[in-house]
Amino acid sequence: MGVIAFLSDLWSNKILMAALIGWFSAQLAKTVVHLCIYREWKFERMVGSGGMPSSHAATVCALSTSALLHYGIGSPIFALCFVLAAVVLHDARGVRLETGKQARMITAITNFIEKSYNRDVFPEMELKELVGHTPLQVLVGSLQGVVVGLLVG
């Protein structure tokens, strides 16, 4: 299989394209939302996790919707995509959201200790606090993913 045939097959894989477009559109929306709220361009929003909307949710919901359209509700492929989506959505809203809260608390404690002792006690870099999503961010990302899945097919 040549490079042209490989790229053609890749491009014609609508389920994969739905997932990638779901991710990209959510990351783009997240960047625009950040720009509107904070009046600053931040490239990290284009590739980073956390924020509105959830790109994880958009990706797996676009994937699942496209798989549903192509293979039907009774197919093993849709079942696999659906279970994957359920795990990712739960993780984004639950585990990763709590991880972000814990990172904020650890950062606050670290900053307090460093100010109290007036020196760098913890030389490690700052923890990433924006890793999870609120239920609303997951809902909006999920809806965006379903729409992308329906449009891409």
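The values are calculated or read from the model by the stated rules, or taken from the named source; none is laboratory data. Since the structure is predicted, the reported quantities are computational estimates derived from the model, not experimental observations. Calculation scope for accessible area: heavy atoms of the full protein, side chains included, ligands and nucleic acids excluded. Shrake-Rupley method; radii C 1.70, N 1.55, O 1.52, S 1.80 Å.
General remarks:
- Test for L97: is it assigned to a helix (DSSP H, G or I), modelled with pLDDT of 95 or more and open to solvent by less than 40 Å² (accessible area, probe 1.4 Å): no
- Residue list for the range 2-20, filter: over 24 Å from the mean Cα position of the chain (by Cα) and either part of a helix (DSSP H, G or I) or on the phi > 0 side of the Ramachandran plot (or both): V3, I4, A5, F6, L7, S8, D9
- Breaking point among (1) open to solvent by less than 10 Å² (accessible area, probe 1.4 Å); (2) modelled with pLDDT of 95 or more, for G50: (2)
For every residue, the table says whether it meets (1) part of a loop (DSSP other than H, G, I, E, B); (2) at pLDDT 80 or above; (3) open to solvent by 20 Å² or more (accessible area, probe 1.4 Å).
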| residue | (1), (2), (3) |
| --- | --- |
| A57 | no, yes, no |
| G74 | yes, yes, yes |
| L89 | no, yes, yes |
| R104 | no, no, yes |
| I109 | no, no, yes |
| M125 | yes, no, yes |
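- If you go through the range 21-55 and keep only what is β-branched (V, I, T) and over 16 Å from the mean Cα position of the chain (by Cα), you end up with just I37.
- Which numbered condition K30 fails, given (1) assigned to a loop (DSSP other than H, G, I, E, B); (2) of a type outside the set (S, T, Y); (3) closer than 21 Å to T99 by Cα: (1)
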